[in-house]
Amino acid sequence: MKTTKTLTLQKSTFTLLSLFFALFFFSSIAQAQEITVKGIVKGNVETEIEPLMEASVYLKGTNFATTTNKKGEFTFPKKLKKGDILVFSYLGYIKKQIKISEKSTFITVVLKEESIEMLGALNSNKRYKSKRPKQ
């Protein structure tokens with residue numbers, strides 16, 4: 001009888017060890033898919049493409065974000081997964097969204113200027129006449 005108990009104990013120990021190694025293996029695969037993203041954000045500034053300082057870079061649907069430095073460079077503070085979407089924005093430029101792939105470790109983004117039409121007062125020589133009744 002002692003031999004059967006020893007064999008069942010060894011089988012359960014073997015099962016526990018194989019389960020532990022399987023979990024360790026799959027967790028290391030999941031960590032390998034996380035990507036550190038760096039890059040440069042540029043924009044058209046007076047017909048030249050120049051780096052944009054303080055451009056916003058954020059992960060769509062979350063509060064994780066960063067800004068670019070004086071050279072337009074950024075390093076995203078969170079490791080990203082395949083399929084995440086980064087949004088690049090800067091005042092006066094059109095927002096751009098980029099989907100992260102396995103090869104997206106360095107990104108160069110060029111933002112296009114947004115056409116903004118300013119509305120001003122109409123040129124009129126007439127005096128303004130109030131429509132309120134006099135009191």
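Every number in this text was worked out from the coordinates using simple rules, so none of it is lab data. Everything numeric here is computed off the predicted structure, so don't read it as measured data. We place every Cβ from the backbone using ideal geometry, glycine too, and count neighbours over all the protein chains shown.
FRET efficiency for the pair ILE49 and VAL87, taken as 1/(1 + (r/R0)^6) with r the Cβ-Cβ distance and R0 = 22 Å, rounds to 0.65.
Using a Förster radius of 25 Å, what is the FRET efficiency between GLU113 and THR62 based on their Cβ-Cβ separation? Nearest 0.05, please. If you can, show how the numbers build up before the last one.
On the way: r = 28 Å, r/R0 = 1.10.
So, using R0 = 25 Å, E works out to roughly 0.35.
Averaged over residues, the count of other Cβ atoms within 10 Å places the peptides 84-94, 58-68 in the sequence 84-94, 58-68, highest first.
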